[in-house]
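The values are calculated or read from the model by the stated rules, or taken from the named source; none is laboratory data. On a predicted model such as this, the values are computed, not experimentally measured, just so you know. Cβ coordinates were reconstructed from backbone atoms using ideal geometry, including for glycine residues, and neighbour counts include every protein chain displayed.
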Amino acid sequence: MIVDVEATRSIRQAEVGSVRTMLDRVKDKFDLDPERIIADTAYGSGPMLGWLVDRDIAPHIPVIDKAGRNDGTWSRADFEWDAANDQYRRSAQTIPPQLF
């Protein structure tokens, strides 16, 4: 059900800001709080997803994937999940020798 519209330029930051504006406006005007929201990847930034979760809105939104890094920083592929300790760890193959 569409209950509000906010026109924006096709810039991710403007679109994300408009979602917040629309959800606040719908709450004020209709006293509606959505249980979930569905959107495309443009809305899948950490701050946006956190904002929704903090308001008990389940985000059905793909997360923006920055796994493949080419800026010299470590990527997700450089880590392995250690289930026993509930944490990610750098694999021995990806740790530079000077750090051993």
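A count restricted to segment 24-46 and to residues that are exposed (fewer than 12 other Cβ atoms within 10 Å of the Cβ), in a helix (DSSP H, G or I) and either among the small types (Gly, Ala, Ser) or in contact with a helix residue (DSSP H, G or I) (Cβ under 8 Å, 6 or more places away or on another chain) (or both) stands at 1.
Looking only at segment 36-59, count every residue that is at pLDDT 85 or above and either farther than 17 Å from ARG20 by Cβ or in contact with a Leu (Cβ under 7 Å, 6 or more places away or on another chain) (or both) and tell me the total. Count: 2. Within the option set ASP71, ASP78, being surrounded by fewer than 12 Cβ atoms within 10 Å (Cβ to Cβ) and of a type outside the set (Ser, Thr, Tyr) holds for one residue only, ASP71. Please specify each residue of segment 81-100 satisfying the condition of being modelled with pLDDT of 75 or more and surrounded by 11 or more Cβ atoms within 10 Å (Cβ to Cβ). Scanning segment 81-100 gives TYR88, ARG89, ARG90.
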